[in-house]
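Coordinate-derived values only; no laboratory data. Source: prediction; values computed, not measured. Here the Cβ positions follow ideal geometry from the backbone for every residue, glycine too, while neighbour counts run over all protein chains shown.
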Amino acid sequence: MMKVPTTKKENFYFGMMMCVGMVIMMTTYNLITNGLIGNISLAAVLLQFVLGFMIAFLLELFVVGPAAKKIVFSITRNKSSKMIMIVAMAFFMVIGMVTFMSMYGLASSYYADGLPGESLLGSYFSIFIKNFVFALPLQLLIVGPIVRFLFGKLKANRMNESLTTV
């Protein structure tokens, strides 16, 4: 059974878990594709993770998450199918997060070494496509299922603890 958050508190923790997984994977992917692994210090890599997580989590919590939920609930007819809801939510979350996080990536690239020979818009779309192609399957096939599994385990453990203390 796929576990999804049902309260605001659960949604907060679920979003945090999802952001940690996606930021680790996407930051690593971008460092590798830009040839930066081994060329920047461990401190710089950790800074990228921390900044990426903070920005992603705030976006997920206040901008992309609420917008994606509104879109999903307005376009899905079969709200009883958890699978359809999960896939639709993942799709719209990825579109929103890649849209904004690609801006962050563009700003980071520009700050680090400028935009070598590409226009700002061309660079943005290049980053967006590269990130979207990686992020969607990552979310649907790896990070999403792992986070839902772990979230379900944590939720079940918490329910068992509350039952045993009664």
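Taking other C-beta atoms within 10 Å as the exposure proxy, 161, 118 rank 161, 118 from fewest upward. Contact order, relative form, for the chain: 32 percent (alpha carbon pairs under 8 Å, 6 or more residues apart, mean separation divided by residue count). When Rg and Dmax are taken over the Cα atoms of region 11-154, they come to 15.9, 50 Å.
A helix-only calculation puts the chain at -26500 deg cm²/dmol for mean residue ellipticity at 222 nm, using -39500 (n - 2.57) for each DSSP H run of at least four residues, averaged over all residues. With unit charges on the beta carbon (Lys/Arg positive, Asp/Glu negative), name the residue among 98, 111, 159 whose Cα is farthest towards the positive pole of the charge dipole of region 8-164. Projecting each Cα onto the dipole axis, the largest value belongs to 159. In this Cβ point-charge picture (+1 for Lys and Arg, -1 for Asp and Glu), region 1-154 has a dipole of about 880 debye about its Cα centre.
Inter-part distance, region 71-120 to region 37-51, computed on C-alpha centroids, equals 23 Å. Annotated for the chain: lysine pairs at least 8 residues apart or interchain, Cα distance under 13 Å, count 6.
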